[in-house]
Amino acid sequence: MTVMHRTLSAGDGHRIHITTAGSADGIPIVSFHGGPGSGSNASMLRPFDLSRFLVVLIDQRGSGRSTPSGRIARNSTAWLLRDVEAVRAHLGISKWYVLGGSWGATFAIAYSGSYPEAVLGLILRGTFLASGREVRGLLSASRTRAPRAWLDLYRASGAAGSDAMVSAMYTRLRQGGPTAWRVAQAYSALERAMLARCNRHMSSRTRRQNTLQQRRQTAKYLIQVHYLWNACGLRGGRLPQLAAQAHAHGIVGTAVHGKRDPVCPLANLAWLKTHMPNIKQICVNAGHLASDPPIHAALVSVLDEIARQHAPNVT
């Protein structure tokens with residue numbers, strides 16, 4: 001098993017960080033990180049049998065180890081889709097499976113509809129649909145579920161009212177410096193408080209960070225709020241259109257979703273059933289994170305089934 005890191009120039013000032021792990025002749029699969037802005041990490045490799053898969057992780061523009069960190073210029077879903085195709089061509093992969101969790105699931109649907117000829121199958125985890133309803137729902141729900149953390153973010157954002165929080169956060173994150181860091185720190189604390197309610201293995205406590213870690217976290221949340229403020233580039237019913245295109249191309253797959261997911265509503269599965277009826281649904285007693293044991297086990301099972309399908313026939 002080999003892990004390799006490389007960067008690819010996007011030709012417009014962005015450099016995309018790529019990680020490949022597993023067997024060179026393994027089943028190719030690209031795994032999209034969440035956020036937006038979170039970047040890839042080693043934990044994303046845990047569900048895979050790396051003796052049977054070749055896993056590709058891509059740090060999206062401005063995220064993770066891609067550079068420049070936190071750059072929002074020329075940073076949209078349309079640009080990200082082009083980057084993935086550039087990575088696939090660079091690696092010489094004709095077709096691959098596509099896995100994505102949370103925002104990564106949104107992006108996986110968008111990619112499958114944009115480039116269906118490159119997709120062998122789809123695996124979604126905790127599907128986010130990038131809707132205004134979900135963003136508003138997250139902030140309004142957290143006001144009652146994690147009131148102290150919500151109030152800290154509200155104050156850090158300087159919002160004139162709760163409905164203006166995303167706009168206010170975006171303004172302050174773009175300012176940079178201590179003001180942006182306070183928003184990023186408060187946003188991170190709110191996310192942790194929400195997720196910890198559904199995952200007993202996760203602590204809601206915020207750890208002290210050095211200057212470099214503060215800069216990275218600020219960059220992460222600048223990218224995230226940039227996408228949320230711009231509806232992830234999917235206004236006007238764009239995601240249903242892309243889902244329909246993937247379905248029309250015959251793309252199949254599986255969606256794993258936690259019944260107690262505090263971020264992505266369970267109702268999103270009804271959306272999938274309507275727009276992508278070829279996607280099998282597995283609902284487990286879990287929250288949002290891939291590390292939640294029932295979600296992890298479900299992903300391992302799905303990947304094992306794919307590996308069995310690709311195993312050579314023994315006569």
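Might you let me know whether segment 111-126 holds any residue that is out of contact with any Cys (no Cβ under 7 Å at 6 or more places or on another chain), modelled with pLDDT of 95 or more, among the aromatic types (Phe, Trp, Tyr) and under 20 Å from Leu239 (Cβ atoms)?
Yes, because at least one residue in segment 111-126 is out of contact with any Cys (no Cβ under 7 Å at 6 or more places or on another chain), modelled with pLDDT of 95 or more, among the aromatic types (Phe, Trp, Tyr) and under 20 Å from Leu239 (Cβ atoms).
Please list, ordered by residue number, the helices (runs of 4 or more DSSP H) wholly in segment 109-200 having 2 or more residues that are of a type in the set (S, T, N, Q) and in the same structural domain as Ala243 (by TED's automatic domain parsing). Show your work before the answer.
Working: elements: 132-145, 147-157, 165-175, 177-196.
Here the list is empty.
Go through segment 259-268 and report how many residues are over 17 Å from Ala290 (Cα atoms) and under 18 Å from the mean Cα position of the chain (by Cα).
Residues of segment 259-268 that are over 17 Å from Ala290 (Cα atoms), as a first pass: 267-268.
Checking the rest, the ones that are also under 18 Å from the mean Cα position of the chain (by Cα) come to 268.
Going through segment 259-268 one residue at a time, the tally reaches 1.
Looking at segment 261-274, is at least one residue modelled with pLDDT under 95, closer than 21 Å to Ala196 by Cβ and surrounded by fewer than 20 Cβ atoms within 10 Å (Cβ to Cβ)?
Yes, segment 261-274 contains a residue that is modelled with pLDDT under 95, closer than 21 Å to Ala196 by Cβ and surrounded by fewer than 20 Cβ atoms within 10 Å (Cβ to Cβ).
Quick one: in segment 292-315, of everything that is surrounded by fewer than 15 Cβ atoms within 10 Å (Cβ to Cβ) and outside any helix (DSSP H, G or I), which residue is modelled with the highest pLDDT?
Only one residue fits best here, namely Ala311.
Rundown of residues vs (1) among the basic types (Lys, Arg); (2) more than 22 Å from Leu242 (Cα to Cα), yes/no style:
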{"position": "Ala42", "(1), (2)": "no, yes"}
{"position": "Leu50", "(1), (2)": "no, yes"}
{"position": "Leu54", "(1), (2)": "no, yes"}
{"position": "Ile58", "(1), (2)": "no, no"}
{"position": "Ala73", "(1), (2)": "no, yes"}
{"position": "Trp79", "(1), (2)": "no, no"}
{"position": "Val84", "(1), (2)": "no, no"}
{"position": "Arg88", "(1), (2)": "yes, no"}
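With crowded, with 24+ Cβ neighbours inside 10 Å and either in contact (Cβ under 8 Å) with a residue 24 or more places away in the chain or out of contact with any helix residue (DSSP H, G or I) (no Cβ under 6 Å at 6 or more places or on another chain) (or both) as the only criterion, which of Ser63, Ser43, Ser9, Ser23 stands out?
Values: Ser43 fails: crowded, with 24+ Cβ neighbours inside 10 Å; Ser9 fails: crowded, with 24+ Cβ neighbours inside 10 Å; Ser23 fails: crowded, with 24+ Cβ neighbours inside 10 Å.
Selected residue: Ser63, the only one of Ser63, Ser43, Ser9, Ser23 that is crowded, with 24+ Cβ neighbours inside 10 Å and either in contact (Cβ under 8 Å) with a residue 24 or more places away in the chain or out of contact with any helix residue (DSSP H, G or I) (no Cβ under 6 Å at 6 or more places or on another chain) (or both).
Run down Gly253, Gly258 and say which single residue is over 24 Å from Ala193 (Cβ atoms) and surrounded by 22 or more Cβ atoms within 10 Å (Cβ to Cβ).
Sole residue among the options that is over 24 Å from Ala193 (Cβ atoms) and surrounded by 22 or more Cβ atoms within 10 Å (Cβ to Cβ): Gly253.
Looking at (1) β-branched (Val, Ile, Thr); (2) closer than 27 Å to Arg216 by Cβ; (3) out of contact with any helix residue (DSSP H, G or I) (no Cβ under 6 Å at 6 or more places or on another chain), which is the one condition that is false for Thr144?
Going through (1) β-branched (Val, Ile, Thr); (2) closer than 27 Å to Arg216 by Cβ; (3) out of contact with any helix residue (DSSP H, G or I) (no Cβ under 6 Å at 6 or more places or on another chain) one by one, Thr144 breaks only (2).
The values are calculated or read from the model by the stated rules, or taken from the named source; none is laboratory data. For clarity, every value in this text was computed on a predicted model and none was experimentally measured. FYI the Cβ positions are ideal-geometry reconstructions off the backbone, even for glycines, and counts take in every protein chain you see.
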